[in-house]
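See below for the structure under consideration.
Nothing in this text is a laboratory measurement; each read-out follows from the coordinates by a stated rule. Just so it is clear, the model here is predicted, and its values are computed rather than measured. Cβ sites come from the backbone with ideal geometry, for glycine too, and all protein chains shown count toward neighbours.
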Amino acid sequence: MINERKEFAAYTGTVNYTAKNKNDRTWLGRFTFDMLKEFEGMARVLTILARGYMWEGDEPDCDRARRALCAWCSTPESKNASSPKKSWQDRYSFPELHAEFPELVDDEGKGWLFRHVKALCRFAKSHPDLVDAYAKKDCEILQKSFTSKLRKKVLHYQVPIFSPTTDQAWSLSFDSVIADALELGPLRDKDISFTAEQQAWMRANTPGKVPPHVLEMMVAYYIANKQEDSDWVVLPVTNFDAYFGTTTFSRKWLPALCRTAIVRGESGYGVSRFRLADGFSDAIGGIYL
């Protein structure tokens with residue numbers, strides 16, 4: 001979550017479809033089933049992608065970022081579709097972008113996300129001994145509904161940010177993603193390190209059932225993303241689940257940390273905000289805060 005370039009590579013490179021046991025979900029990549037079934041946490045994913053392709057040169061290229069997002073989200077044309085539509089806003093398949101983004105979409109219009117979901121479903125079916133019952137059920141859901149849901153999402157993503165259409169005006173859009181990418185700038189890889197005393201203090205104040213590295217990562221993320229005019233930082237909860245490879249973060253670790261180390265605001269759609277608790281911030285602050 002601190003190394004954004006590594007996160008970008010996880011959304012554009014090759015996923016290691018493997019597992020050591022049923023508790024190992026490496027084969028999901030940097031995603032959770034909630035992200036793939038309900039598209040939670042996609043705001044951060046799309047923003048990381050947009051920043052990666054927008055800031056390849058000295059000046060931002062918003063048009064290239066938009067094309068990259070279309071390529072990544074692309075699905076092949078439906079067999080029941082009539083003639084291909086001319087307007088990009090009315091399309092969900094972008095095979096012509098293969099030449100520009102061969103890593104994101106193939107010449108049949110199968111985008112990175114589409115291919116990833118198909119591949120993980122094949123893994124689950126081919127390795128029943130490494131996939132638990134819950135994951136098998138989720139894969140069955142993805143096989144039946146993911147393609148149609150993604151196509152609808154791609155159409156919604158392309159709705160202009162100032163569209164008067166009431167049923168889509170407040171949904172996530174490529175326009176809002178690109179605006180965030182412009183404000184946030186190039187991908188970052190901040191080096192956040194702690195003294196031995198700070199690490200010992202965090203370990204001593206980490207609830208017993210929470211792995212110590214979880215709190216250390218959250219504090220590092222807070223430091224890397226804190227703005228000067230606010231004590232609050234956006235917390236992409238679903239993306240943290242994906243980073244740690246388990247929903248135990250949102251279900252158990254985060255609530256436990258809220259009783260000791262952090263203060264969390266209201267949440268929705270897999271996102272909330274948080275700050276370090278009083279006293280905790282003073283102890284960790286030092287040169288960072």
Query raised in the report: Near the amide H of LEU235, under 5 Å away, which other amide H atoms are found, from residues 5 or more places off or on another chain, if H is placed in the peptide plane?
Result: SER272, ARG273, PHE274
Report summary line: Rounded to the nearest 10, the angle in degrees between the Cα long axis of helix 174-184 and the longest principal axis of the Cα atoms of the chain comes to 40 degrees
Query raised in the report: Ignoring the sites themselves, what is the longest stretch of the chain with no GluC sites (Glu not before Pro) in a DSSP loop and at most 10 other beta-carbon atoms within 10 Å?
Result: 1-227
Query raised in the report: For the pair LYS190 and SER148, how long in nm is the line joining their label points, each one 7 Å along Cα→Cβ?
Result: 4.4 nm
Query raised in the report: Under the classification rounded if a/c is under 1.5, otherwise prolate if a/b is larger than b/c and oblate if not, where does segment 114-271 fall, given a ≥ b ≥ c as square roots of the Cα gyration tensor eigenvalues?
Result: oblate
Report summary line: Between the residues ILE262, TYR134, PHE31, the Cα farthest towards the positive end of the dipole of the chain, that dipole coming from +1 and -1 charges on the beta-carbon of Lys, Arg, Asp and Glu, is from TYR134
Query raised in the report: Once both axes come from the Cα atoms, what is the angle between helix 133-157 and the longest principal axis of the chain, in degrees from 0 to 90, rounded to 10?
Result: 70 degrees
Report task. State whether segment 1-138 is rounded, prolate or oblate according to the following rule on the C-alpha gyration tensor (a ≥ b ≥ c being the square roots of its eigenvalues): a/c under 1.5 gives rounded; otherwise a/b larger than b/c gives prolate, and the remaining case gives oblate. Result -> oblate
Query raised in the report: At what distance in nm do the modelled label points of LYS20 and ILE161 sit from each other, each positioned 7 Å from its Cα along Cα→Cβ?
Result: 4.4 nm
Report summary line: Summing -39500 (n - 2.57) over every DSSP H run of at least 4 in the chain, dividing by its residue total and rounding to the nearest 500, the 222 nm mean residue ellipticity is -14000 deg cm²/dmol
Query raised in the report: For the pair TYR134 and CYS62, what calculated FRET efficiency results from E = 1/(1 + (r/R0)^6), where r is the Cβ-Cβ distance and R0 = 35 Å, to the nearest 0.05?
Result: 0.30
Query raised in the report: Can you work out ³J(HN,Hα) from phi for every residue in segment 64-73, in order, using Karplus 6.51 cos²θ - 1.76 cosθ + 1.60 and θ = phi - 60°, giving whole Hz and x for Gly and Pro?
Result: 5, 4, 5, 4, 5, 5, 4, 5, 5, 8
**Report entry** Kirkwood Rh and Cα Rg combined as Rg over Rh, evaluated for segment 196-285
**Finding:** 0.93
Report summary line: Expected max-MSF residue from HIS213, HIS116, HIS98 in the GNM of the chain (alpha carbon, under 10 Å) is HIS213
Query raised in the report: Where does helix 112-126 land angle-wise versus the long Cα axis of the chain, in degrees 0 to 90, nearest 10?
Result: 80 degrees
Report summary line: For the chain, the dipole about the Cα centre with charges only on Cβ (Lys and Arg +1, Asp and Glu -1), to the nearest 20 debye, works out at 1340 debye
**Report entry** Measure of compaction for the chain (Cα Rg per 2.2 N^0.38 Å)
**Finding:** 1.06
